[in-house]
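**Q** There's a structure below that I have some questions on.
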Amino acid sequence: MSSRPSYRGPINTVEHAFIAGMVLNIRCQRCRRSRSEWAYLLCLRRPKAKAVPLHQPVPGFYCQGCKRSVSVVISARREGEL
């Protein structure tokens, strides 16, 4: 059994959420559709995403609802939180 991440600093970027083992909520600014994804999966898929700030609009994500490249707002939460 692995231990939980013990990062106790501020969670301001995707990299901080990755270190803390958090789940990201990614919400489209155009259609308000949201999806959840583990922070480590986003960092593996897009290494430049580590520097992305949380709670600010970020362009360049593809939305499955809009079928186009849109701006999104990324927020982080602990596993099991609503």
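**Q** Within the range 55-82, restricting attention to residues that are of a type in the set (A, V, I, L, M, F, W, C) and either open to solvent by 30 Å² or more (accessible area, probe 1.4 Å) or under 9 Å from the mean Cα position of the chain (by Cα) (or both), which residue is nearest to residue 24 (Cα to Cα)?
**A** Result: 76.
**Q** Here are some conditions: (1) closer than 18 Å to residue 79 by Cβ; (2) under 9 Å from the mean Cα position of the chain (by Cα). Residue 13 meets all but one. Which one does it not meet?
**A** Residue 13 satisfies all of (1) closer than 18 Å to residue 79 by Cβ; (2) under 9 Å from the mean Cα position of the chain (by Cα) except (1).
**Q** Just one of the numbered conditions (1) out of contact with any Lys or Arg (no Cβ under 9 Å at 6 or more places or on another chain); (2) over 19 Å from residue 9 (Cα atoms) is not true of residue 76; which one?
**A** (2)
**Q** Would you check if residue 52 is free of Cβ contacts under 8 Å to residues at least 60 places away in the same chain, within 18 Å of residue 15 (Cβ to Cβ) and open to solvent by less than 60 Å² (accessible area, probe 1.4 Å)?
**A** yes
**Q** Might you let me know whether the range 39-47 holds any residue that is under 11 Å from the mean Cα position of the chain (by Cα), open to solvent by 90 Å² or more (accessible area, probe 1.4 Å) and at pLDDT below 95?
**A** yes
The values are calculated or read from the model by the stated rules, or taken from the named source; none is laboratory data. Keep in mind it's a predicted model, so treat the numbers as computed, not measured. Backbone-built Cβ (ideal geometry, glycine too); neighbour counts: all protein chains shown. In case anyone asks, the SASA skips ligands and DNA or RNA and just uses the protein heavy atoms, side chains included. Shrake-Rupley method; radii C 1.70, N 1.55, O 1.52, S 1.80 Å.
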